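Encoded as structure tokens, the structure appears first; notes follow it.
FYI, it's all coordinate maths here, none of it is from the lab. Quick caveat, the model's predicted, so the values are computed rather than measured. In this analysis, Cβ positions are derived from the backbone assuming ideal geometry, glycine residues included, and neighbour counts consider all displayed protein chains.
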Amino acid sequence: MTASHPSDAGAFWNERYGADAFAFGTEPNDFLRDVADQLTVGDALCIGDGEGRNGVFLARLGHRVTTVDLSEVGVRKARELAASQQVSIDAVVGDLAVWDMGTARWDTIVSVFCHLPSALRHAVHGAVRRALRPGGSFVLEAYRSENIGRGVGGPQDVDLVVELADLQREFDGFDIRIARTVERDIHEGVYHNGMSATTQFLARAPGATR
């Protein structure tokens, strides 16, 4: 997870991930699981992947996975989770404000509840556009403003939530396969529990699929 003040954000997430239990569980995000069969098996990047549940899931499906997160504790637990499930991932500590995703490097990029200040999110999504190979997929689920105040998890700051219209602008020119707002019952570890308002998004970069 990355924020405008990475040292503060890193300390917050290190504390949250410091318990023995996994803060958001070890099972993958439901939306990612639902769309997994639409993703080209290849090089996959999970941004803000915390303790690694989504990266490990993709590795179990045969993807070559890199996960990046601001929290050293989260990255350590991601490596431990991968080892416990007998898969290999490249889990790295990185601040998305400066971490280089590369150009035409990834077949899939996943962002699950990776909530960033809006200006940084726009820059990161620009980097996602450049980093995907032709036909590569971007998968996102995030809380939207309607979730604020429900007490079920997610950011309580309107600048950190993700609205569908913003994604449609940021990924203009992509082949948008799924773009929807949903109300769904989320149960992920200790911190995501209850009927939640989210944005779900799946888009493919222009160009032939590999």
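Structure values in brief
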read-out: Options 181, 134, 116, ranked by Cα towards positive dipole end of the stretch 94-210, top entry (Cβ charges); value: 134
read-out: Structure-based [θ]222 nm, the chain - -39500 (n - 2.57) summed over DSSP H runs of at least 4, per residue, nearest 500; value: -8000 deg cm²/dmol
read-out: Dipole of the stretch 6-204 [Lys/Arg +1, Asp/Glu -1 at C-beta], most positive-end residue of 88, 194, 25; value: 88
read-out: Cα-centred dipole magnitude for the stretch 6-204, charges only on beta-carbon of K, R (+1) and D, E (-1), debye, nearest 20; value: 480
read-out: FRET efficiency estimate (nearest 0.05) - Cβ-Cβ, residue 11 to residue 180, R0 35 angstrom; value: 0.50
read-out: Check: the stretch 64-106 dipole with +1 on Lys, Arg Cβ and -1 on Asp, Glu Cβ, in debye; value: 180
read-out: Mean separation of Cα contacts under 8 Å, 6 or more apart, over the residue count of the stretch 6-204: relative contact order %; value: 19
read-out: Extreme residue, positive dipole direction of the chain, given options 171, 207, 99 (C-beta unit charges); value: 207
